[in-house]
């Protein structure tokens, strides 16, 4: 309430619920400690109380935070052969794609098409397996390529290799209808397959 120093008594900005600020504050729960807020916002109160009271979670290698919730965890000690212990929470909800590289499935961010000049910009090669595609004089598809359902695209390189670039130039590998998806799993497979390989002027980042 205004105490009259700056005018007659009356409601203040804090009196939005028709009650004095000090009265309203007495009814509200005490604010949680900063380290507890994320847990309380996302998890059950009883779980929050148990974890906050657990001294092992104050500093430990045996817990992690996911979606604002603290939880105990341990790295997976045994994975199927060929599977790496990779975690990625994709915080910005970007497009993720799976592609082949040298017979191994890898994950990549797909940021969409870009316009570059391969004569002045370093590019890597990506292979897309299709049943049909027609390229115009500009090197762009006249219409959408007819891709092989279930077939993953193929990279010629990964970060750390001299020929790697985050800009990918599309090569279309044209296969017959009898082709079994994911028979081709590497650049070498594509180039030795005997199928036509059409290099386009489609570039993606």
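In nanometres, what is the gap between the two model label sites at residue 143 and residue 89, each 7 Å from Cα along Cα-to-Cβ?
If labels sit at residue 143 and residue 89, their model points lie 4.6 nm apart.
So if each residue of separation counts as 0.36 nm, and I subtract the Cα-Cα distance between residue 106 and residue 72, what length gain in nm does that give? Walk me through the numbers on the way to the answer.
Details: separation 34, 0.36 × 34 = 12.24 nm, distance 2.83 nm.
So the chain would gain 9.4 nm between residue 106 and residue 72.
What is the stretch 96-204's relative contact order, in percent, from Cα pairs under 8 angstrom and six or more apart in sequence?
Numbers: 222 pairs, mean separation 37.7, N = 109.
Relative contact order here is 35 percent.
When only alpha-carbon atoms are used, what values of Rg and Dmax, in angstrom, describe the stretch 96-204?
13.2, 39
Just order 132-138, 167-173 by mean Cβ neighbour count inside 10 Å, highest at the front, would you?
Answer by packing, highest mean first, reads 167-173, 132-138.
So for each of 186-194, 150-158 I average, over its residues, the number of other beta carbons within 10 Å; can you give me the resulting order with the highest mean first?
Working: 186-194: 15.1, 150-158: 18.7.
Final packing ranking: 150-158, 186-194.
May I ask what percent, to the nearest 5, of DSSP beta bridges between residues of the stretch 95-205 are antiparallel?
Working: 18 of 28 bridges.
In the stretch 95-205, DSSP labels about 65 percent of beta bridges as antiparallel.
Coordinate-derived values only; no laboratory data. These numbers were taken from a predicted model, which means no experiment stands behind them. All Cβ positions, even for glycine, are placed from backbone atoms using ideal geometry, and neighbour counts span all protein chains on display.
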